Every structure is written in C-alpha cells, then in structure tokens.
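The values are calculated or read from the model by the stated rules, or taken from the named source; none is laboratory data. Note that the structure is predicted; figures quoted are calculated from it, not measured. When we count neighbours, we look across all protein chains shown, and the Cβ atoms used for this are built from the backbone with ideal geometry, even at glycine. Areas reflect the complete protein model, heavy atoms only, side chains present, ligands, DNA and RNA absent. Shrake-Rupley method; radii C 1.70, N 1.55, O 1.52, S 1.80 Å.
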Amino acid sequence: MRRIFIAALGTGTYVPCQYVFQGRRSSPTCYVQSAIVELFGEPAFDRAIVLVTPEAQTKHGETLRGELAARLGDTNVVFRAISSDLADVSQQWRWFEALLDEVEQNDRLVIDLTHGYRAVPIVLSSALGYLQKVKSVELEHVLYGADLAKGTLVDMRDFYVVQEWAEAVGRLVDGADARKLSELARRAQPGSTFERLADPSVADAFRELTDVIRNVDVHSFTRIAGRALGIVTSKLATDEANATERQLLSLVADKFAGLFAADSGDARYTREYLRVQAAAAGLLLDHGLLMQAFTVMRELVGSVGMFGVGHHQSPQVELTRVHADTFVRMCNYKRKKWTFVEKDAPRLALLLPWYEQLDRCELTLPLHQALAKIAELRNGFDHGWTEKAFPAATEAQPDPTAGLQRLGQQLLEQLREVLDRLPDPTPPVAAP
C-alpha cells in the first residue's frame, strides 16, 4: 500500500511563502506543492504526481521538480503532461485516465487542489470519487493553500468523503449492511467532521443489529435495536453534532425504530413482540432478503398462537417452539383437513380454544389465506426451487424478484390487519 501525493501546477506568479498547517510551518517556498511534501512527509511519500500543461512546465516545471526531488528522490517525482485545449473534452478524459493509471489498489492519497489549469480541479475531484469506489483508495488529505492568507493550508477532505459516509448509511438503511460504516469508522481521522458517525460504538452497534436481522434472530431484535437506537439518540443529543451527521443518523434511527418496542423488555409473545416481528419482516422485504422475510412471517403466525395461550397455560405445561409449530399447522389447513396424531393431542387441546376464539372473530380465514401462500414460497426457498421453479419473468411481471417482494408486502399487510384485530385471549375452559 503506497502513499501518493497528487498535485496540479498552474502558470501564476508565485511568491515565497511559509505555509502553515495546525501550527506547523514549512520552509519558505514559492510552491505549495513543496510545502505539502515537507509538512505531510511522514510517513514518506512513495510517489509525487504533478499534472502540468506545457505553459506551466515552461514557467515552473524544472524549479518545482528540483524542490520535490530534493525531498523524494528524482525517480519518485512524475510530471504528467495535460492539454490546455479545453474545447477538446477527449483531452480531459485522458487526464482522468492517466491519473487512474498512476494509482493502485488501496493507495493512500494526499491531494493538492491549490493550483491547476481551469478544469483540472473538476477532473481531479471526479477521479477521487471514482478511485474511492473502484480502487478502494484511502483519502488522507485534500489540501488548499491560501498564500494570500498567511500561507494557511486548509484540509477539504471531508467534502470528498461525505459521499462515502452517505453510501455507508445508504447500505445500512437499504441493505442491512453495516460493513462500509464499520470500515469508514475504522479509518476515520481524529477531528473528522463526521466524528459522531465515526465513533466505533455506532458502527459496532449497527453491525450487531444487521447481523441479527440477516440471521433472523427474532428474539434479539428488540434488545439489539434498543441498544443501537440508544447510541444514535445520544449522538443526536450532543451540541457538537453537525447538520449532515444529524440527517444521516436520523435516517438510520427512523429506519430501525420499528424493531424496538420500548415497553416489551425481554418478554416474548406479547402484542409488542408481534409488532416487532412484523416490523422485522417488513425491513427484510425492504432489504430484498426475501427468504428471511417469509421465514419471519411464518414465525409470526406461530407467535400469534403463543400469544393466545401464553397467559393461560397450566403451570405444569411449558410452552415450547413445538406449540408454535402446531399452531402453524392448524392455520396452514382448514380444520376439516387437519391430520394431527395422538402425540399432538395435548398441544392441540391447549391451542384449540384460542383458535376457536380467533374463528369467532373471523381471523382464522385471513390467517389461512396468508399462510398458505407464505408456506408455498418459503418451501420454494427451502428446497432451492428444485421442487417448484422460481417464478418466471412475464410481460406483466418482467422482474420476478420484485414481484415476490410486492407479494410479500401484501401478505405482511394481511398479517398486520390480523394483529390489529387480535382479541384479548380468554382462559380455556379446561387445562390439558
């Protein structure tokens, strides 16, 4: 991994100046490029690349080359000729491509944008965005030297990495992927504009949250989401948070707020728990994690059964995952098609009063209708679509994956309507 300095050279009349950055002052020089190599030369630069027009080369080229070579060695200083013909856009693309050729994967870059021929800063800015995405370069500094303001060097880096932070938050919000956020937090420099986002506790909390989402760890959703949202809330409450940070943090908080039921604690199979499961299924659908989403929707039906008997079971009966599976089987088929065996009898007796209460509230039919389709699709994912072909593209539905996503949203809406109408469970007439 190399450390590269990239600059442009103009044709202005430059006067000697001592450039200053964070209290450190350079030797007097006419060239900000030379001052930057001096002030930012630890660790040492492996290469200095200067973009130069013929006119700039004639006026300043050899003098600047000499100063840079004195610090870096002649073989580590490269002058790249660029055209001064602004009317020829193809020439500007050649500058862009020449710069890409000089930079390797994972290089660390220090950029000087003080001088440069007209369009050069625009080309450099575009190249930086491209290199961050394609070659994973690390942008250490983007500097501007104001020689008329007592040689002040200003680091504009954060204006160039804001897109990376926005992308990281976008990945988290749209794809439940916290890896980019974690990587930026690891590389963030002290005193960064995005200090709140760069706090490792933020990245760690959301990495943990996306792990439980992708692993469909339903029982942990509320606890982990509560922790993550608590950290975000504390960051938003600080006076130091800037407007950009607040917008990005608020976007994350709004996205994951549905996974946190403040009054549910660790309780399972409460109304709040059911709402969290529904929110998790919706989030998975939004993220395109369809198999996981249909899994959570199927589990939600089982949780409805556990909700109905959880407060009234006999103290001698311990509710287990098997009870939820039994309720799913009850809802998967209409009652006349049930095929339970003798070993199912105790669980069936426990669940049946609740099922009949739901039937009186006209809630069993929508459960049957939604679960039949959920089970069919989930079965397809379970078996890698070997028993039933993945939905084919049609003229009406050219994107079958998007079609499954929309269908999942419709089925989830049916389940949410059931949740909204769930009655308070009444005790069974007789305990099993």
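Dipole magnitude for the chain: about 840 debye, using +1 per Lys or Arg Cβ and -1 per Asp or Glu Cβ, origin at the Cα centre.
Sites count as exposed loop sites when they are GluC sites (Glu not before Pro), lie in a DSSP loop, and have at most 10 other Cβ atoms within 10 angstrom; the longest stretch of the chain without one is 1-239. Normalising the average separation of contacting C-alpha pairs (under 8 angstrom, six or more residues apart) by the number of residues puts the relative contact order of the chain at 10 percent. Taking region 373-388 and a reference point 7 angstrom along Cα→Cβ of residue 394, the backbone N atoms nearer than 19 Å belong to 373-374, 376-378, 380, 388. So how tilted is helix 290-309 from the main axis of the chain? Cα-based, degrees 0 to 90, rounded to 10. For 290-309 against the chain, the angle is about 40 degrees. Each of 170, 77, 371 was placed along the dipole of the chain (beta-carbon charges, centred on the mean Cα), and the one lying farthest toward the positive end is 371. Note that region 329-432 presents 61 Å² accessible area per residue, ligands and nucleic acids not counted, probe 1.4 Å.
Provide the three semi-axes, in whole Å and in decreasing order, of the ellipsoid equivalent to region 153-238 as defined by the square roots of 5 times the Cα gyration tensor eigenvalues. Mind dumping the intermediate values first?
Values: eigenvalues 133, 39, 17 Å².
Semi-axes from the Cα gyration tensor: 26, 14, 9 Å.
Taking the longest Cα principal axis of the chain as reference, the axis of helix 400-421 is set at about 50 degrees.
Between residue 162 and residue 217, what length comes free when the chain is fully extended (0.36 nm per residue of separation minus the Cα-Cα distance, one decimal in nm)? Don't skip to the answer; put the middle values down first.
Details: separation 55, 0.36 × 55 = 19.80 nm, distance 3.23 nm.
16.6 nm is the gain from fully extending residue 162 to residue 217.
Each of 111, 153, 293 was scored by the projection of its Cα onto the charge dipole of the chain, and the greatest displacement toward the positive side belongs to 293; charges sit on the C-beta of Lys, Arg, Asp and Glu. Relative to the current alpha-carbon distance between residue 247 and residue 101, full extension at 0.36 nm per residue lengthens the span by 48.9 nm. Distance between the C-alpha centers of region 120-175 and region 25-62? Whole Å please. Result: 20 Å between the Cα centres. Straight-line cross-link reach from residue 135 at under 22 Å between alpha-carbon atoms covers these lysines, not counting any fewer than eight positions away in the same chain: 180.
For the chain, give the percent of accessible area contributed by carbon and sulfur heavy atoms, probe 1.4 Å, rounded to a whole number. The partial results should precede the final answer.
Numbers: 10610 of 20770 Å².
The computed percentage sits at 51.
Solvent-accessible surface of region 121-212, averaged per residue with a 1.4 angstrom probe and all protein chains in place: 43 square angstrom. Pairs from the list 334/373; 334/388; 343/373; 235/255 with a Cα-Cα gap above 21 Å: 334/388; 343/373.
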